[in-house]
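Since the structure comes first, as structure tokens, the remarks are kept for the end.
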4 protein chains.
Amino acid sequence: MIIVMKKDATKENVEQICSWLESHKVKASPIYGKEQTVIGLVGDTSDIDVDQVAMQQHVDKVMKVQEPYKKTNRKFHPDNSIIDVGGVKFGESHIPVIAGPCSVESEEQIIEIARSVKASGASLMRGGAFKPRTSPYSFQGLKAGALIYLGKAREATGLPVVSEITNISQIEMMEEYVDLIQVGARNMQNFELMKALGHVRKPILLKRGFSNTIEELLMSAEYIMSGGNEDIILCERGIRTFETSTRNTLDISAIPVLKKLTHLPVIVDPSHAGGRNDLVEPLAMASIAAGADGLIIEVHNDPAHALSDGPQSLTPEQFSDVMKKLDHLARAVGRSIIK
Amino acid sequence: MIIVMKKDATKENVEQICSWLESHKVKASPIYGKEQTVIGLVGDTSDIDVDQVAMQQHVDKVMKVQEPYKKTNRKFHPDNSIIDVGGVKFGESHIPVIAGPCSVESEEQIIEIARSVKASGASLMRGGAFKPRTSPYSFQGLKAGALIYLGKAREATGLPVVSEITNISQIEMMEEYVDLIQVGARNMQNFELMKALGHVRKPILLKRGFSNTIEELLMSAEYIMSGGNEDIILCERGIRTFETSTRNTLDISAIPVLKKLTHLPVIVDPSHAGGRNDLVEPLAMASIAAGADGLIIEVHNDPAHALSDGPQSLTPEQFSDVMKKLDHLARAVGRSIIK
Amino acid sequence: MIIVMKKDATKENVEQICSWLESHKVKASPIYGKEQTVIGLVGDTSDIDVDQVAMQQHVDKVMKVQEPYKKTNRKFHPDNSIIDVGGVKFGESHIPVIAGPCSVESEEQIIEIARSVKASGASLMRGGAFKPRTSPYSFQGLKAGALIYLGKAREATGLPVVSEITNISQIEMMEEYVDLIQVGARNMQNFELMKALGHVRKPILLKRGFSNTIEELLMSAEYIMSGGNEDIILCERGIRTFETSTRNTLDISAIPVLKKLTHLPVIVDPSHAGGRNDLVEPLAMASIAAGADGLIIEVHNDPAHALSDGPQSLTPEQFSDVMKKLDHLARAVGRSIIK
Amino acid sequence: MIIVMKKDATKENVEQICSWLESHKVKASPIYGKEQTVIGLVGDTSDIDVDQVAMQQHVDKVMKVQEPYKKTNRKFHPDNSIIDVGGVKFGESHIPVIAGPCSVESEEQIIEIARSVKASGASLMRGGAFKPRTSPYSFQGLKAGALIYLGKAREATGLPVVSEITNISQIEMMEEYVDLIQVGARNMQNFELMKALGHVRKPILLKRGFSNTIEELLMSAEYIMSGGNEDIILCERGIRTFETSTRNTLDISAIPVLKKLTHLPVIVDPSHAGGRNDLVEPLAMASIAAGADGLIIEVHNDPAHALSDGPQSLTPEQFSDVMKKLDHLARAVGRSIIK
């Protein structure tokens, strides 16, 4: 941590701050300049509250040197974490694809789609049970019933299943029926939920909030890890910008940036990022080329009558075609999509 | 709703869509153009899913004409709603100010600050019990204990109290101890919470998410109102932009824009918007001048040792000074701050 | 400047960097920490290129302590600069208002509007001659002819005139006909133009680019000042964000932030910020309350037939009404609008 | 164009607007609804000013149906445009790479880099002569001298050369020395420059402004094309968002979106997008996978001593390595990088 003193701070002022800091067990080294004095802090500064230091008299500003996250930080855990979801591994050279409809609509639908995406090479099945919708007048999901149907689809195909949690009260159900618990973008900073998921014994798929920084994403993962659950998969799904031709702007750089900062696997959701089914293929291709460890893609047997997210869903035929192209591309970079 | 057909849509294609639409009980009027055909829908289109229409073959795009919110819409409720919080009214010419610390730190602290802000003219008291913090290693609030202290501060001063809810499980406690339940920016799209608050019998202070549009804010209010709770106060608290000299960018235009779209009162949080105590006064002044119906301001008796948000808190002396200036300004526009 | 060394940097590496830095005539003070070493630089670091330092081996990152702007910096020029535009002063307690149409459309039009806005209390006249339009098919302005009409309007009313420059080749004409040369938002980082305006002997109205930070605005002013022209008025006119209910988002905080960082006067353009005539009054009121030193407002005698920007223009009657309210508000904060 | 009337508009009001519109030679078809009336306009509405219509009494809002750009629109020009730059073709299956330093620093430097990037498979050479720098105190480029050195590098290697124009007065020099004239992000809406480039007989590399929408990029290309110069290559180079871990956010979706909207080739600048040399490879890979028609990459023989943009430059060795990987990837999608 670096503390920049105000221009008019006297030597006495500087010494006062230094002894106050040293009472917090860090070493404070002042560098007296002609125009301004700065104080360098070495040692473990994680217990020092930046805000409190910034409020001290004669302090102009405080600059952090170290990242605020620890358990998610690659510096302290150089090797990739491999996350096992019902036998499917994220973080290795094989790139698992999660596929399925936005919402589970019926038992038949979900089993039919599960069979079809499995045939195309998907490694996991997705399906929304509890739907966070902007409008109270939109379809809100089949809830618990959907989880039961997902269980049936797993039974029928052997694919592990993924579904989104929207409230702490659903944790027990999720632990029973689901292999990977998804936290949606709007709940990434629902810290009560993060704390609760720290005590869960299932892996978590943590989606980046559409207006959250990469550092904030890692801090939310830190919440879960500091609670004891270290099985986290991060997911980039587009951020909110001024551009309106796509629903969100896929932050493709987030993949290599995250891979450098953290040991956790990073996957991409090209369906929500673009919000248009014609963009799923190019965005998925780009994600693989940029180093993504997985993909989550919306597939619906009848997009024109889907109860949600029809415009961004692929048909099973389109999905099959995209999977072949993705696998071909992945092999060109020494990885694979279809086993 | 306006449906724009693709360039190559035939007359037959258009007629097919029209009859499909009319089976949904709306009247579809096609306008055949040289280059493109558009279909105008009149009647109540609120049951028609834009996404489903957009997915139909030969449809290029769909444009909405009506706002998606109803109960919050001023068109159907032209008069201002007056929200009563423990006897203090929001939406009239008097402009109530909510003041207090970011976090409740002790019984003595909160009673001392309550007395002091009351003396300066504040109409309500704020204090955080459950703190949503970006880092799991930061102070998380005194929780239930803080609510009890807030109750004591109310007893001592008569000021109604405001505190933030971060989880559905806190509703019962909130109903017991608090006069106005605050939803923080990060929970504005926690739709499960919105639904639950629809059944609560206390007024709600709904803060705009830092990356949510004005329409999304109104949709979240719609969730609460459609559940039966119509006592909502909206709060602008700054949005996330590329500018880094302030924590957020106060969207001052949101005040007049919201006042035009909705009948609900609109207040402003200048402390979180700027994130700097030197900006509280100019942003509060600007908010009054732009038509705000209230303010929520952080005041701490010892900002340099505050457990959270010190840098944006005013001291009681600074607060007293700001209140006088605000009252003077408010009177110049026919309103008042201090009763 | 603070240099953070990489974790694995040896003492020798640090010493090497330090001697390289001292060859650039700054004093380098290393602080050796357990985990990381930082080097503090004191003295004049303005000749040191941050990028070059950041590229040196063993350097992790570089953090600036000082602002990169000097002539515009209030630290070196504590008093407000008062800018005189044809006798009208910006930066004093009187708040001049610049008013007029987006585009000059005819001699009669501009003289009529000039007379009317003068009668309402405007201190200067605006009118576009060269119009930067997004579409090549839109009206591009009357060009040189418009400047001549502006000259006539000045003759008729005595009001100094303001017009926008869009190319270096117009400088000579501007110097002849205009009292205040406006740089539009899209040209704020047209650095060739900035350099050329450094040699001009007329004051410059520098508008903030809709996606430029406050620091970038000050750096563009620095270009002009470093060329020798120190008469600059800064203008906040809204920034581009994700919110679509207004054309831009007025960054109201920019007023107090700029007033703290620089000695130059700061005015606001509420017409372009909101892009809607119903927002001009509340945004202008807010700007005065936040400390603005001036306003620039679009007024058109027949907005419904304006050749550009009709939807954000006030009629002369609306303008007269707004001016009275602004003056009343200004007087409540110890300033004035109408002389 | 669709016109939405205000709720209280009478049948007479609607008829009045319709006859006013028909006097502008478009056909106006009103659809009378229970709550609101909309008017559909068919025929060529390009001469009708949206703003003027929106200003008419009783009009609530106006919605555009057609894109405002014509010459750049793929609807009217379905085949890809192939742009020839000194014999190198953009828009075919071969993907040309432009490489070279941010700034030309000396004749020796530029010839050495030219030879080295040619050996690695680059098809064109870049080098800045006129540098738009945020600070007036930064290196501003060697100017005309640099163009002469670029000419020498072309002579020595046969590579066509690319350099950025920052002012209309440089056009003549550019036409003499350069094969492809680059418009930088900050000048994308310098409309006077766009108009002037419409009369130039050299192809233009038009970079997207860091805060400009895709539609605005196409409108700027429209300016150049409507002036008569149809040889334009578009370049995505990152947009400004709230994320700070990268200099800009590469909008990878812009590639497929632009390819759908326009027939012009689209290339990507991964060096400026990320602002970090470790991101050049993953972003370049992603761009090829998403369908880019070219790349422009910064290469410097001694990045640690570069006069500008060192941190984002590759060394010739790194560049050679990246080119091999890119070529391998390109071949997996049926294209090629190295001839």
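Beta bridges assigned by DSSP with both partners in region A:74-332 are antiparallel in approximately 15 percent of cases.
Placing a label point 7 Å from the Cα of C:K27 along the Cα-to-Cβ direction, the distances to the matching points in the other copies come to 2.1, 8.4, 8.5 nm, shortest first.
What translational diffusion coefficient, to the nearest whole µm²/s, does the protein assembly as shown have by Stokes-Einstein, given a Kirkwood radius computed over alpha-carbon pairs, a temperature of 37 °C and 0.692 mPa s viscosity? Kindly include the intermediate steps, with their values, before the conclusion.
Values: Rh = 32.8 Å.
Answer from the Stokes-Einstein relation: 100 µm²/s.
Cross-link reach is defined here as a Cα-Cα straight distance under 16 Å, omitting same-chain residues fewer than 8 places apart; for B:K202 the lysines meeting it are B:K89.
Charges at C-beta only: +1 for Lys and Arg, -1 for Asp and Glu. How large is the resulting dipole of the protein assembly as shown about its Cα centre, in Debye rounded to 20?
It comes to approximately 0 debye.
Beyond 25 Å, how much of the Cα-Cα pair distribution for region A:1-143 remains, as a whole percent? It would help to have the intermediate numbers written out before the result.
Details: 5980 of 10153 pairs.
Cα-Cα pairs in region A:1-143 separated by more than 25 Å: 59 percent.
The trypsin sites (Lys or Arg not before Pro) found in region D:165-235 that occupy coil by DSSP, while having at most 14 further C-beta atoms within 10 Å, are D:R201. Nearest to the axis that brings chain C onto chain D is this chain C residue, judged by its Cβ, with the distance in whole Å: C:S211, 1.
A straight Cα-to-Cα reach below 14 Å connects D:K152 with the aspartates and glutamates D:E105, D:E107, D:E108, D:E112, D:E176, D:D179, residues fewer than 8 places away in its own chain not being considered.
To put it simply, the accessible area of the protein assembly as shown at a 1.4 Å probe is 47 percent carbon and sulfur.
If you build the Cα gyration tensor of region C:260-339 and take the root of 5 times each eigenvalue, what three semi-axes come out, in whole angstrom, biggest first? Display every interim value, and only then the final one.
Working: eigenvalues 110, 44, 18 Å².
Calculated on Cα positions only, the semi-axes equal 23, 15, 9 Å.
Global dimensions of region D:2-63 from alpha-carbon coordinates: Rg and Dmax equal 10.5, 31 Å.
Distance check, please: which entries in B:K131/B:K207; A:K11/C:K11; C:K7/D:K325; A:K6/C:K11; A:K195/A:K260; A:K64/D:K207 exceed 23 angstrom between their Cα atoms?
On the way: B:K131/B:K207 15 Å; A:K11/C:K11 29 Å; C:K7/D:K325 30 Å; A:K6/C:K11 30 Å; A:K195/A:K260 25 Å; A:K64/D:K207 35 Å.
Check vs 23 Å cut-off fails for A:K11/C:K11; C:K7/D:K325; A:K6/C:K11; A:K195/A:K260; A:K64/D:K207.
Ligands, DNA and RNA are left out, and with a 1.4 angstrom probe the accessible area of region D:219-313 is 18 Å² per residue. The mean sequence distance of close C-alpha pairs (under 8 Å, at least 6 residues apart), as a share of the length of chain B, puts its relative contact order at 16 percent.
Residues of region C:272-290 that lose at least 20 Å² of accessible area (1.4 Å probe, protein heavy atoms only) when the other protein chains are present, relative to their chain alone, are C:R276, C:D278, C:L279, C:P282, C:L283, C:M285, C:A286, C:A289, C:A290. Each of A:M219, A:G121, A:Y177 was scored by the projection of its Cα onto the charge dipole of region A:74-332, and the greatest displacement toward the positive side belongs to A:M219; charges sit on the C-beta of Lys, Arg, Asp and Glu.
In whole angstrom, chain C maps to an equivalent ellipsoid with semi-axes of 44, 20, 18, each derived as √(5λ) from the alpha carbon gyration tensor and ordered largest first. Comparing mean-square fluctuations of C:V117, C:V266, C:V42 from a GNM of chain C with C-alpha springs under 10 Å, the top value falls on C:V42. Sorted shortest first, the separations between the B:Q57 label point and its copies elsewhere in the assembly read 4.9, 6.7, 7.9 nm; each point sits 7 Å from Cα along the Cα-to-Cβ line. Across the copies of the chain, A:E175 has label points (7 Å from Cα along Cα→Cβ) spaced 2.8, 7.6, 8.0 nm apart, shortest distance listed first. Please work out, to two decimal places, the log10 of the ratio I(q)/I(0) at q = 0.22 Å⁻¹ from a Debye calculation in which every Cα of region D:198-292 carries one identical scatterer. Listed by q, the Debye log ratios stand at -1.08. Computed from label points 7 Å out along Cα-Cβ, the spacing between A:Q57 and B:I148 is 3.7 nm.
Entry note, region A:2-63: relative contact order of 46 percent, from Cα contacts under 8 Å with a spacing of 6+ residues.
How many Å² of accessible surface get buried when C and D come together, counting both sides, probe radius 1.4 Å, rounded to the nearest 100? Don't jump to the answer; show the numbers that get you there.
Details: alone 15750 and 15770 Å², together 27680 Å².
The buried area between C and D, both sides summed, comes to about 3800 Å².
Largest first, the three principal axis extents of the alpha carbons in region D:26-107 are 71, 32, 22 Å in whole numbers.
The values are calculated or read from the model by the stated rules, or taken from the named source; none is laboratory data. Because the structure is a prediction, the values reported are computed rather than measured. FYI the Cβ positions are ideal-geometry reconstructions off the backbone, even for glycines, and counts take in every protein chain you see. Surface areas here come from the heavy atoms of the whole protein model, side chains and all, with no ligands, DNA or RNA. Shrake-Rupley method; radii C 1.70, N 1.55, O 1.52, S 1.80 Å.
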